[in-house]
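The values are calculated or read from the model by the stated rules, or taken from the named source; none is laboratory data. If you're wondering where the values come from, they're calculated on a predicted model, not measured in any experiment. Note: ideal-geometry Cβ built from the backbone for every residue, glycine included; neighbour counts use all protein chains shown.
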Amino acid sequence: GAGVSQSPSNKVTEKGKDVELRCDPISGHTALYWYRQSLGQGLEFLIYFQGNSAPDKSGLPSDRFSAERTGGSVSTLTIQRTQQEDSAVYLCASSLSTGSYNEQFFGPGTRLTVL
Amino acid sequence: RKEVEQDPGPFNVPEGATVAFNCTYSNSASQSFFWYRQDCRKEPKLLMSVYSSGNEDGRFTAQLNRASQYISLLIRDSKLSDSATYLCVVNNQGGKLIFGQGTELSVKP
């Protein structure tokens, strides 16, 4: 079946602009996660959604970052007033639930470059 | 100190070699443990979950020592196709994964 999809695959923007990144999880997966991967920082958790529960936003680096998940499916990560340090690959993952050993399936990522 | 630490690498080995990756984690309440594999410019993919009893999948063996907060991955008879970055991953709570920096492996003919 279809895996996690993300769009766009690449995004180049100017400093100070807002960007929106989209994630379509695997159908039937109730949990959805956002991570980012940047040089020198490795992969870091940003936020996750589980069903109708309040999202865990503990990994968001600043209030310029926000995410929503509509209808328990598609999610959008929004970065306002982008900065050069926001340049990274933003990865979305989904899993059946948030149980300890539930496998997270990752999308191909969105490569964001802030000029 | 990072919450999950791995060998810095890179490891360059000949085909057929046995390779060992080591990882330590700092949170004693960590609940589950994994090795992910990431190919260049691709997304991470689950290689193996790691259980306290140890587990094996073909040429791959994973071990967990909760007392020492130590995780290992052994690859036997390495293949060219094993070349990738190996990520040690810990789940502390609710599915939020904490990743190590990764160790790059290059298997040469």
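Take B:T85 and tell me if it is among the hydroxyl-bearing types (S, T, Y), under 25 Å from A:G3 (Cβ atoms), surrounded by 13 or more Cβ atoms within 10 Å (Cβ to Cβ) and in contact with a strand residue (DSSP E or B) (Cβ under 9 Å, 6 or more places away or on another chain). Considered against the rule, which asks whether it is among the hydroxyl-bearing types (S, T, Y), under 25 Å from A:G3 (Cβ atoms), surrounded by 13 or more Cβ atoms within 10 Å (Cβ to Cβ) and in contact with a strand residue (DSSP E or B) (Cβ under 9 Å, 6 or more places away or on another chain), B:T85 comes out as yes. Under the condition of being over 16 Å from A:S38 (Cα atoms), away from every other protein chain (no Cβ under 14 Å) and in contact (Cβ under 8 Å) with a residue 24 or more places away in the chain, the residues counted in the range A:70-112 number 9. Restricting the search to the range A:35-72, which residues are β-branched (V, I, T) and not in a strand (DSSP E or B)? A:T70, the sole residue that qualifies. Residues of the range B:21-45 being within 13 Å of another protein chain (Cβ to nearest Cβ), of a type in the set (G, A, S) and not in a strand (DSSP E or B), which ones? Passing the criteria: B:A29, B:S30. Is there a residue in the range B:71-94 that is within 27 Å of A:Q50 (Cβ to Cβ), in a loop (DSSP other than H, G, I, E, B) and at pLDDT below 95? Within the range B:71-94, one or more residues are within 27 Å of A:Q50 (Cβ to Cβ), in a loop (DSSP other than H, G, I, E, B) and at pLDDT below 95. Residue count for the range A:23-46 satisfying the condition of being surrounded by 15 or more Cβ atoms within 10 Å (Cβ to Cβ) and touching a residue at least 24 places away in the same chain (Cβ under 8 Å): 16.
Would it be correct to say that A:T78 is assigned to a strand (DSSP E or B), among the β-branched types (V, I, T), surrounded by fewer than 19 Cβ atoms within 10 Å (Cβ to Cβ) and within 12 Å of the chain's Cα centre (by Cα)? Yes; evaluated as a whole, the condition is true for this residue.
Being more than 11 Å from chain A (Cβ to nearest Cβ), assigned to a strand (DSSP E or B) and over 26 Å from A:E44 (Cβ atoms) is a property that does not hold for B:E104. Output the residues belonging to the range B:51-107 that are of a type in the set (K, R) and closer than 17 Å to B:T24 by Cα. B:R66, the sole residue that qualifies. Of the residues screened, B:G58 is not one that is out of contact with any helix residue (DSSP H, G or I) (no Cβ under 9 Å at 6 or more places or on another chain) and within 14 Å of chain A (Cβ to nearest Cβ). For the range B:2-47, a tally of residues being surrounded by fewer than 13 Cβ atoms within 10 Å (Cβ to Cβ) and either closer than 20 Å to A:Y101 by Cβ or in contact with a Cys (Cβ under 6 Å, 6 or more places away or on another chain) (or both) returns 2.
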